[in-house]
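Shown next, in structure tokens, is the structure this report addresses.
The values are calculated or read from the model by the stated rules, or taken from the named source; none is laboratory data. Because the structure is predicted, anything quoted here is derived from the model rather than measured. Neighbour counts run over all protein chains shown; Cβ positions are idealised from the backbone, glycine included.
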Amino acid sequence: MTKPGEKKLQILQTLAGMLENPKAEKITTAALAARLECSEAALYRHFASKAQMFEGLIEFIESSLFGVINQISAEEGQGLQQVEHILSLLLNFAQRNPGMTRVLTGDALVHENERLQARINQLHDKIEAALKQALRVAATQEQISADADFGALANILLCYVIGRWQQFTKSGFTREPMTHWAQQWPMLCFTCLSQRSA
């Protein structure tokens, strides 16, 4: 017999799997229940609403990303390397989890409860704050200027990531986020380094 926690995870994994269909219609609890071969009532024993299911996915994304971001901040001494590893993580996560990328871009949340988009906006803000902190570390190491606008730089980097996520989802998952990363990181790094004091 499936334990309650296992069933919840199974529901979230199935939801994420359904989001991987780039031509998917709006996901209904009826379609989700059919995929799981259970009743809609069985779904509601684990989640009070579909919005709560999406919140479960967002919590999974957040804990997955920030578990690694915190590790990068703790273990990587160089500020610009922290930035590089964080960006690479964000692109890799999307490439491995196309369904969750639709959640990260808000694409899967268009017809859902508006508080879900607010949660994603907060997640983006947290990522931007982590990048800003890594840039501050880079400045203390004189990798970039102490006078650099860390907020503006962090925002450029976040916009780059969100743009790559958007291309991935809008292309039906054909334009992979890691494509051109090896060529683009030096360009992004140059943008940061150009903030170095003369």
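Worth pointing out:
- Tally of residues being of a type in the set (S, T, N, Q), in a helix (DSSP H, G or I) and closer than 13 Å to GLN81 by Cβ across region 128-146: 0
- Unique match (being part of a helix (DSSP H, G or I), among the basic types (Lys, Arg) and surrounded by 15 or more Cβ atoms within 10 Å (Cβ to Cβ)) among ARG115, ARG102: ARG102
- Region 150-198: number of residues that are charged (D, E, K, R), within 21 Å of the chain's Cα centre (by Cα) and in a loop (DSSP other than H, G, I, E, B): 2
- Cβ-Cβ distances below 7 Å connect the following pairs, each with a first residue in region 19-33 that is modelled with pLDDT under 70, a second residue that is part of a loop (DSSP other than H, G, I, E, B) and not charged (D, E, K, R), and a separation of six or more residues or different chains: PRO22/GLY172; PRO22/PHE173.
- Residues considered: LEU57, LEU80. Of these, the only one that is farther than 18 Å from PRO177 by Cβ, surrounded by 16 or more Cβ atoms within 10 Å (Cβ to Cβ) and in contact with a Cys (Cβ under 9 Å, 6 or more places away or on another chain) is LEU80.
- Among the residues listed as LEU87, LEU91, LEU109, the single one being surrounded by 18 or more Cβ atoms within 10 Å (Cβ to Cβ) and at pLDDT below 95: LEU109
- Here LEU131 passes the criteria (1) surrounded by 21 or more Cβ atoms within 10 Å (Cβ to Cβ); (2) modelled with pLDDT under 95 except the one numbered (2).
- Here GLY163 qualifies as closer than 20 Å to LEU19 by Cα and either touching a Phe, Trp or Tyr at 6+ places or on another chain (Cβ under 6 Å) or surrounded by fewer than 19 Cβ atoms within 10 Å (Cβ to Cβ) (or both).
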